[in-house]
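The values are calculated or read from the model by the stated rules, or taken from the named source; none is laboratory data. Model, not experiment: these values are computed from the prediction. Note that each Cβ is placed from the backbone with ideal geometry, even for glycine, and that neighbours are counted across all protein chains shown.
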Protein chains: 2
Amino acid sequence: MKELDCIFKPRSIAVIGASDTPRKWGRLMVERPLQTGYKGAIYPINPQKREILGLSAYPSVADVPGDIDLAVITTPSVTIPNILRECARKGIRGAVIITAGFAELGEEGRRLEEEMVDVAREGGIRFVGPNGMGIWSAAGHLSLCFHQAPKSGPMAFVSQSGTFGVAMARVATQKGYGLSKFISIGNQADLEAADYLEYLAGDEETKVIILYLEGLKDGRRFFEVAKRVVREKPIVVYKAGRSKAGARATMSHTASIAGSEKVFDGMCRQVGIIQVQEAFHLFEVAEALAQLPLPSGNRIAILGSGGQGVVGSDACSAFGLELPELDPDTARTISALLPAHAPRAKNPIDFAGSRRTALQEAEIIEKLLRLDYIDGVISNVPVSPQIWDPSLVVDINGDSLSEPVQIAVDGARLYASLPKKYGKPIICLRFGRLENDVMEQILGEGGGIPVYDTPEQCALAMSALFQYGTVRRKTAPEK
Amino acid sequence: MKELDCIFKPRSIAVIGASDTPRKWGRLMVERPLQTGYKGAIYPINPQKREILGLSAYPSVADVPGDIDLAVITTPSVTIPNILRECARKGIRGAVIITAGFAELGEEGRRLEEEMVDVAREGGIRFVGPNGMGIWSAAGHLSLCFHQAPKSGPMAFVSQSGTFGVAMARVATQKGYGLSKFISIGNQADLEAADYLEYLAGDEETKVIILYLEGLKDGRRFFEVAKRVVREKPIVVYKAGRSKAGARATMSHTASIAGSEKVFDGMCRQVGIIQVQEAFHLFEVAEALAQLPLPSGNRIAILGSGGQGVVGSDACSAFGLELPELDPDTARTISALLPAHAPRAKNPIDFAGSRRTALQEAEIIEKLLRLDYIDGVISNVPVSPQIWDPSLVVDINGDSLSEPVQIAVDGARLYASLPKKYGKPIICLRFGRLENDVMEQILGEGGGIPVYDTPEQCALAMSALFQYGTVRRKTAPEK
């Protein structure tokens, strides 16, 4: 059992400061794991209550009959050193400290935070927080944070901002991104970003680690750890507090010093961490990194209608990707597969506004992926059969599909098989729609092909794949 | 009546090449105006048919009994010069030419395009296209493009890309943005970007003009016209074809030469056109420009929870906005309005994760807007009463609202009144959600406060307001 398993895979938890008053953290911390189906024991700790939300409550952790892996603490800041002593005596090894009012408030809070850390170290307790918004761990269906379990998935999201981190995670969940972990790291008094990286590197559920950071406690250690971790898993970082006003805000927010952006950026490049420039790009980029084979170069082909190709080409160039011209043979072969009114095939390949079936697109994409000078393809989601006839029932797992639906589904499945077959990534644009449809579902589930709303997002995701491919080639062990 | 009213407010249209074959352009151009409630007469022209989609068809425009304002042409390219001659003889003054196969295909097509222009000029016909995807005009409920009428609204969207333009417009509509016009300008053989600018400057329904451009036919004239138009209405441009690969693609797409980006960017700055760096930003920025008072400077205050403020501050700085520190008196007054655990008020103002009602937020925002050193505020959508109790019925126009709903609605209405009251813009973040809610509806309808998904979009929209404010101050007539 790994050291932090007591936090992320606890067999039992005690909620210290448990309450049944609505909206209080002490209640939420009992409610959340119940709501998300946590299977271990939950022990509410409250000296005034015998029962909270139907669970037996205990005056202190010492009174709990069984072992406790994790303590969740919501009591006022001054009480916490003593509570940690009690936890240590009970043999508890992990804690999540929600309480705020430490280093982020100034000198007095800082002293209290230091005392708390000393007590924890002495007692052999590792803890998340303080001043965080809790955690989510898909492994144990354990939410100390969201009231609805996020979709389980390959992204571990480590956030130095609590409320904004939760807000981003909620939007990510609504957009269908899956989370293996969410960790609101708060002030990082004990466990800090580097510790979570180390733990997540070995976490089987996590394929990509994404971080919202405002500042590092120990920059040297962070980058040393990151350098080892990126050999196994991609790390994507959004660094906030870059501007003067932003840095001023981080100090009171998470008690962190933003530090020199140039040094931070330079270290990320050197170590192989992927940086994004907008906070929500974390998820968009992670989606591609979690699912697709890595391209061996930056040479991309784009398929799509006129403007989509132009905008996509511009975005690819801006992100350091190249669009090689097609050789004459390939141009000829592909031109023969385009509608009569389309211009001769170039890169980007212009469908001239025609709606293409999955099979028609797959045929062209396959020709592109066979080329040794094309490392990946950006295309768009092929037309769903429902576009022509919205009344068509498209239950892709149904036994008897109507003929047009069967053709579309078969085409999409072939399309979805291509990234694995050729070891090259395909990324799609959701063209002229906001919602997911059945074609998208087949591309995603069958082939890990991610779908984005804009050509710029497609190019960004492809560039992240290229960046991480370069990192992996550099760090691959010699054979 | 203005020259282009025959195109955008036609009393009658003839569809030349009308057909009843599904998916053919000749059918779509009859179907679309019927679907969107066009009130004028529609005359299908087809020598083989007596009736198309329930309408009397005619062998040629000469056979149509009434006057025709607009000809919509979908017949093969070679037929078009003669068709335009017939149109001229019938007294038709406007045309929308859908047909492709002109200058975008090379020399032969270019000659045909020139011939077509000569015939039109001689016959006194102005036309849109060729090689476009049609138009939408909210004034006449006239769609020669979308099968569902977009929401009517203040944005005129002029797009040099057909399919991609339509795709963007469809997504914009799904997101709730309202369009006064959509014009797929195609090859701009006759009417070009500058002509549409001139027309839209005088169009009462249009408050903001947005353009997706790949290249200009006559750059000098475009910028001359734009310079006049920006005194009345903001122009926002996304310029595609900036990269080598992108420029290559524009040539076969819309027969345009992308030109020097540096010159283009410099002219935009000089003339006062707002440029955006991602295509969909056109709509996001236009939303704010259409609805809000212009700030008289770039000094912004941000309200929100920790990370939101940090990310928002960074984004504001990146877009050239400043976050002045609060004077001690204001800091003290606002601190007293924050929850006890929140840090002392600075700019950004940190709510420390607390959920704020509309009234609580409005009280703080009002204090900020009164300051002479704050030109605008970025905040987030206040908490809907449904957050606490999803069963609450919130029919904001209903007679008897329950007390908590009434309080929330009153608060939101006060909030919504602030931009107009102080002549300063407020922009909100949709925090941790994807969907619009009742608070958002009141902010939008009551005060034109736009709501965005990310802090970066909020900052971008605010910076566009600042940019356009500067343009208007520079071009304001001396008094």
Practice task
Could you tell me whether any residue of region A:467-479 is under 14 Å from A:Val377 (Cα atoms) and touching a Pro at 6+ places or on another chain (Cβ under 8 Å)?
Solution key: no
Handout entry: Only one of A:Ala249, A:Ala279, A:Ala318 that is within 14 Å of chain B (Cβ to nearest Cβ), hydrophobic (A, V, I, L, M, F, W, C), more than 22 Å from A:Pro154 (Cα to Cα) and surrounded by 24 or more Cβ atoms within 10 Å (Cβ to Cβ)
Key = A:Ala249
Exercise for the section: Select from region B:4-32 the residues that are touching an Asp or Glu at 6+ places or on another chain (Cβ under 6 Å) and not in a helix (DSSP H, G or I) and write down the one among them that is surrounded by the most Cβ atoms within 10 Å (Cβ to Cβ). Expected result: B:Pro10
Handout entry: Close pairs (6 angstrom Cβ cut-off, 6 or more residues apart or separate chains): within 22 Å of A:Glu192 (Cβ to Cβ) in region A:1-14, modelled with pLDDT under 95 and of a type outside the set (Lys, Arg) anywhere
Key = A:Lys9/A:Ala139; A:Lys9/A:Gly140
Completion exercise
Reported set for region B:330-342 where residues are more than 10 Å from chain A (Cβ to nearest Cβ) and surrounded by 19 or more Cβ atoms within 10 Å (Cβ to Cβ) is B:Thr330, B:Ile334, B:Leu338
Completion exercise
Checking A:Ser305, A:Ser313 in turn, the sole residue that is out of contact with any Lys or Arg (no Cβ under 9 Å at 6 or more places or on another chain), among the hydroxyl-bearing types (Ser, Thr, Tyr) and in contact (Cβ under 8 Å) with a residue 12 or more places away in the chain turns out to be A:Ser305
Handout entry: Top-ranked residue in region A:59-91 [being closer than 18 Å to A:Pro33 by Cα and not acidic (Asp, Glu); ranked as farthest from the chain's Cα centre (by Cα)]
Key = A:Ile68
Exercise for the section: Given the conditions (1) at the interface with chain A (Cβ under 10 Å from one of its Cβ atoms); (2) in a helix (DSSP H, G or I); (3) surrounded by 24 or more Cβ atoms within 10 Å (Cβ to Cβ), report the number of the one that B:Ile302 does not fulfil. Expected result: (2)
Problem - Pick from region A:420-437, criterion among the basic types (Lys, Arg) and buried (at least 16 other Cβ atoms within 10 Å of the Cβ), ranking: farthest from the other protein chains (Cβ to nearest Cβ) - result: A:Lys424
Fill in the blank from the handout: Restricted to region A:12-58 and to residues being acidic (Asp, Glu) and more than 28 Å from A:Lys151 (Cβ to Cβ), the residue modelled with the lowest pLDDT is A:Asp20
Completion exercise
Filtering region A:39-69 down to residues that are outside any strand (DSSP E or B) and either among the basic types (Lys, Arg) or touching a Lys or Arg at 6+ places or on another chain (Cβ under 8 Å) (or both) yields A:Lys39, A:Gly40, A:Lys49, A:Arg50, A:Leu53, A:Ala57, A:Val61, A:Ala62, A:Val64, A:Asp67, A:Ile68, A:Asp69
Exercise for the section: State all residues of region A:155-166 that are aliphatic (A, V, I, L, M) and touching a Ser or Thr at 6+ places or on another chain (Cβ under 8 Å); if no residue qualifies, say none. Expected result: A:Met155, A:Ala156, A:Val166
Handout entry: region B:168-181, subset crowded, with 23+ Cβ neighbours inside 10 Å and within 11 Å of chain A (Cβ to nearest Cβ), residue farthest from B:Tyr212 (Cα to Cα)
Key = B:Ala172
Exercise for the section: Looking at (1) at pLDDT below 95; (2) surrounded by 23 or more Cβ atoms within 10 Å (Cβ to Cβ), find the lone condition where B:Gln386 falls short. Expected result: (2)
Exercise for the section: Could you look through region A:263-273, keep only residues that are of a type in the set (A, V, I, L, M, F, W, C) and surrounded by fewer than 24 Cβ atoms within 10 Å (Cβ to Cβ), and pick out the one that is farthest from the other protein chains (Cβ to nearest Cβ)? Expected result: A:Val271
Problem - Of residues in region B:83-107 being modelled with pLDDT under 95 and among the charged types (D, E, K, R), the one surrounded by the fewest Cβ atoms within 10 Å (Cβ to Cβ) - result: B:Glu107
Problem - Members of region B:182-210 found to be closer than 30 Å to B:Glu435 by Cα, of a type outside the set (S, T, N, Q) and either crowded, with 22+ Cβ neighbours inside 10 Å or in contact with a Leu (Cβ under 8 Å, 6 or more places away or on another chain) (or both), listed by number - result: B:Phe182, B:Ile183, B:Lys207, B:Val208, B:Ile209, B:Ile210
Exercise for the section: Scan the strands (runs of 3 or more DSSP E) fully inside region A:87-151 and keep the ones with 1 or more residues being assigned by TED's automatic domain parsing to the domain that holds A:Gly17, touching a Phe, Trp or Tyr at 6+ places or on another chain (Cβ under 6 Å) and at negative phi. Expected result: A:94-97
Practice task
Tell me, please, whether a residue that is surrounded by fewer than 18 Cβ atoms within 10 Å (Cβ to Cβ) and at pLDDT 90 or above can be found in region B:394-407.
Solution key: no
Exercise for the section: Working only within region A:438-450, note down all residues that are surrounded by fewer than 23 Cβ atoms within 10 Å (Cβ to Cβ) and either assigned to a helix (DSSP H, G or I) or touching a strand residue (DSSP E or B) at 6+ places or on another chain (Cβ under 7 Å) (or both). Expected result: A:Val438, A:Glu440, A:Gln441, A:Gly444, A:Glu445, A:Gly446, A:Gly447
Handout entry: Matching residues, region B:156-214, being among the small types (Gly, Ala, Ser), under 12 Å from the mean Cα position of the chain (by Cα) and not in a helix (DSSP H, G or I)
Key = B:Ala156, B:Ser159, B:Gly176, B:Gly178, B:Ser180
Fill in the blank from the handout: Quick count over region A:343-364, residues being buried (at least 24 other Cβ atoms within 10 Å of the Cβ), more than 11 Å from every other protein chain (Cβ to nearest Cβ) and either out of contact with any Gly (no Cβ under 7 Å at 6 or more places or on another chain) or at pLDDT below 80 (or both), is 1
